[in-house]
Amino acid sequence: MLTTKNCAILSYITSGMTKQAQLDALQKEMEEAAILPLASVANLVFGEGNPDAEVLFIGEAPGFHEDTQRRPFVGLAGKLLDKLLAEISWPRESVYITNIVKRRPPENRDPLPKEIEAYAPYLKRQIEILQPKIIATLGRFSMNYFLPDAKISRDRGRLFKVNSHFMYPLYHPAAALRSTTTLEELRKDFHRLPQALERAKNSGAIKEPPPIEQKQKENQNKQTSLF
Ligand code: URA
């Protein structure tokens, strides 16, 4: 059971470890947590990539190929993700890729709220270890975890600040495989990702105020859209 006290003890123990060693320890802990939903029916797909990545991609949950290979985004949607990364000259190995729910739901159904809730504390710790400059969410489930009021058709390709994290919602590549319009929108947003990253890194230098409607939203939800 992850209590605040346990988390404080864990962060003390892991504070002298490299990021990779901390990730390995977290993965081991998840593998041993038999009470996690889906633990008895699917493999753990923890995530992979550069522990020092500036960009963290977060999808929904593994599918068949991801479950089999224990790696995120290695099926058709993953091939599209790789292609989009190549188009902006970002090698897959330079970023970090994971999912909000780290086991495959049966028949690839949508993750359930209780599954997202159970896996969320581990995602939170993974983010604390990685300390990315920007988090690009893939699809509405991971987007709505950080931005509960966001709508993917309206808010994709916009930069938000949630607590200390910069978020950049993107369509899920699987959705782009089903619609050429979605693919073009995902591609357009993807091509603006390097610019969004620079903006997140230089956030102190942003001159223009957020649009009015986002300011209102910021007051309501403590979310800031920066473009
Ligand atoms: N879809 C996801 O959301 N994640 C994966 O890892 C693969 C497909």
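The values are calculated or read from the model by the stated rules, or taken from the named source; none is laboratory data. Owing to the predicted nature of the structure, the values given are computational and were not obtained by experimental measurement. We place every Cβ from the backbone using ideal geometry, glycine too, and count neighbours over all the protein chains shown. The protein model used for the area step is the full one, side chains on, heavy atoms only, and it has no ligands, DNA or RNA in it. Shrake-Rupley method; radii C 1.70, N 1.55, O 1.52, S 1.80 Å.
Numbers below:
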{"quantity": "Length gained when the stretch Ile35-Ala21 is fully extended (0.36 nm per residue, less Cα-Cα span)", "calculated": "2.7 nm"}
{"quantity": "Average Cα contact separation per residue, region 4-150, under 8 Å, 6 or more apart, as relative contact order %", "calculated": "31 percent"}
{"quantity": "Accessible-area order (highest first, 1.4 angstrom probe) of the listed residues Ser142, Ser40", "calculated": "Ser40, Ser142"}
{"quantity": "Accessible area (Å², per residue) of region 4-150, counting only protein heavy atoms and a probe of 1.4 Å", "calculated": "48 Å²"}
{"quantity": "Three-way shape label, region 10-72, alpha-carbon gyration tensor, a/c 1.5", "calculated": "oblate"}
{"quantity": "DSSP-loop trypsin sites (Lys or Arg not before Pro) across region 40-114, with at most 11 other Cβ within 10 angstrom", "calculated": "Arg109"}
{"quantity": "Above-threshold pairs, the threshold being 32 Å between Cα atoms, out of Lys28/Lys151; Lys114/Lys201; Lys102/Lys133", "calculated": "Lys28/Lys151; Lys114/Lys201"}
{"quantity": "Beta bridges per DSSP with both ends in region 4-150, % antiparallel, nearest 5", "calculated": "20 percent"}
{"quantity": "Phe64/Asn202 FRET efficiency (R0 41 Å; Cβ-Cβ; nearest 0.05)", "calculated": "0.50"}
